[in-house]
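Here is the structure we will look at, set down as structure tokens.
The values are calculated or read from the model by the stated rules, or taken from the named source; none is laboratory data. Just so we're clear, the structure is a prediction, and the values are computed from it rather than from any experiment. Positions of Cβ are backbone-derived with ideal geometry, glycine not excepted, and every protein chain shown enters the neighbour counts. The accessibility values were calculated without ligands, DNA or RNA, using every heavy atom of the protein model including side chains. Shrake-Rupley method; radii C 1.70, N 1.55, O 1.52, S 1.80 Å.
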Amino acid sequence: MSSIGYPDDFENNNPFAEPTIAEHSNDTTTSVNDENDEPPIQPPQSSVGENDTEEEQQQQQEQNPDLLTEEELKKLLPERFTKKYSLNIQLIGIEKNKPGNPILKMNVEVKGLPRFRQSIYKEVRRTYNEVVKFNKYLTVANLEVFVPVLPSSSTSFPTGGEDEKKQLFNLWQEWLDRITGNPILIRDEEFVYFVESDFGYSVINSNRKSSVASGFMRKTLKQLAVPYDPYEELASFRPIIKEAYLICQRLHKALDRDSKTEKQLSIHIFDMANKLKVLSEFETTHPGMKNMWEKLGKVTQKQSDLTLVDSINEMATVGDGIQTLIDDFYEIKEALTNRHLIMRELIQAESNAATKHTSANRIKSRSSLDPIKVDEALRSLEYATKVQESLNLQVKRISGEMLFERKEVLEYTEKKFQRLMKTYTLHKVDHHRKILKNLESIRLDVRSVDEKGGLSRLNRDNLSNLKHNLTQSQSSQGDSWSSRTFRSLEKEEEENESRKQDESVLQTDAVDPKNAASLLGVATF
């Protein structure tokens, strides 16, 4: 047989080539099958698929033994799979106290939680600093929870105003709802002391310190590579949170810069208003022009006030909301870092237990055994295995809870941004409506400068007398020049409430047999 046209006959001398034993065996089997003209015998596809899935599951369990099943989650996190316990805290008022330390009045309702002596507590009074200490304790004592940060006691609104009080009330009520909505935090023993203590509360378990590194040691460990994480959701979550934290910081700086620029602009507009008023003093020949300059100065002065108010509202609605997200993202990032540090401690505990085990086996294989050394080796091995088991359970509990927390954080962040954008848009719309209404208030003064509507001052002397429609375009019904009606949130809430009342009345009428009988007349049954 000639070698031309048969490259398989040549010997393959490539040292990096794959072995050809399997190819020869395949060739022989194909030749036999060709001779018999029968397909090769194969096992049923269903059994192959089942075996593959079982083997894949076994391989995944062998590769990632730390992955949690639903049964393990129920054992590690029983709080997440029960609805017996609930805690509701309703903020009813904010009392004035020292600057930056107001008093929060709350009503508490407890259901099913142990150690509470009552089910309803009325007018529980706590200062802001006491709530801050309680918040810090929850962060340290519950490493598996993304504890939300208590919003600051100051806002971008003027201090002591109704707007600031209303915003603080909403922010603190939202924080209380998030705290009491977590099933792990409400089971903390410190909640009992926080609710039942007299005025002048202090953290009872203040000696409890964080079990993770802090200070310079923490900064050093954060420079090391992140340990292997079997949970892809949590492994990718920390970079996402860090990026969101940095983006929100840049956004807050941009908003602060824009607010300062608008405040400077309002100062310049106020200076312009004063200069316009000065022009009225030099207008002696034309009384209409003098009146127009005076009114234009007043309108411009009001324009500067509107610009200043808009800068404050913009920073208070969006800037303060972004700041709360920045604080929350930072705590979430640090909580995920704590998990990495505990995972690194688990790796060290596993290596320590392995070395203790090898040293115990070495002592055991000796011909002459020293009972003191044997006892010491067994004791150290038992302690190392207990530390390893406790850290392993802690890592599993933290990982399982953070998987739940991750979904809640993403949902909360999305709703928070939607709320911020909605309030910002409504404030902007309201601001521009006020500007338009302010500018329209001077139309009559401008057009009454002369008989031709003030247009003769623009070299339009050939016009006859004009009739002007001086009705205001901005009203509670909407814009007169637009077919769209003004969107009022108060009216929407009233309509929704009236609609719910009508639906409830219809439902009661439909369900109540007496009403049905009265509508249908005398019953025939």
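Quick look at the numbers
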read-out	value
Amide H partners (placed H, <5 Å) of Val449, local residues excluded	Gly454
Amide hydrogen neighbours beyond the local backbone of Asn97, cut-off 5 Å, H modeled	Ile103
Members of Lys263/Lys333; Lys84/Lys396; Lys136/Lys422; Lys263/Lys428; Lys275/Lys434 lying beyond 26 Å, as alpha-carbon distances in this model show	Lys263/Lys333; Lys136/Lys422
Whole-percent carbon and sulfur share, accessible surface of the stretch 288-394, 1.4 Å	56 percent
Sparse-neighbourhood loop sites, GluC sites (Glu not before Pro) in the stretch 273-313 - DSSP loop, at most 13 other Cβ within 10 angstrom	none
Solvent-accessible area per residue for the stretch 276-366 (1.4 angstrom probe, square angstrom)	47 Å²
Per-residue ³J(HN,Hα) for the stretch 377-390, Karplus 6.51 cos²θ - 1.76 cosθ + 1.60, θ = phi - 60°, Hz, x for Gly and Pro	5, 5, 5, 5, 5, 5, 5, 5, 5, 5, 4, 5, 5, 5
Overall form of the stretch 83-231 per C-alpha gyration tensor (a/c, 1.5; a/b vs b/c)	oblate
Accessible solvent surface per residue of the stretch 72-210, calculated while the other protein chains remain in place, 1.4 angstrom probe, Å²	54 Å²
Cα centre as origin, Lys/Arg/Asp/Glu Cβ charges: the stretch 72-210 dipole, Debye	360 debye
The stretch 72-210 - percent of accessible surface contributed by carbon and sulfur, probe 1.4 Å	47 percent
J(HN,Hα) series, the stretch 78-85, from Karplus relation 6.51 cos²θ - 1.76 cosθ + 1.60, nearest Hz, glycine and proline x	x, 5, 6, 10, 9, 10, 6, 10
Long pairs among Lys83/Lys386; Lys96/Lys166; Lys111/Lys415; Lys83/Lys133, criterion Cα-Cα beyond 21 Å	Lys83/Lys386; Lys111/Lys415; Lys83/Lys133
Extension gain (nm, one decimal) between Gln90 and Glu389, 0.36 nm per residue minus Cα-Cα	103.5 nm
Segment Asn129-Lys416, length gained on full extension (0.36 nm per residue, minus Cα span)	100.8 nm
In the stretch 152-207, chymotrypsin sites (Phe, Trp or Tyr not before Pro) in a DSSP loop with at most 12 other beta-carbon atoms within 10 Å	Phe199
Relative contact order for the stretch 72-210, counting Cα pairs under 8 Å that sit 6 or more residues apart, in percent	26 percent
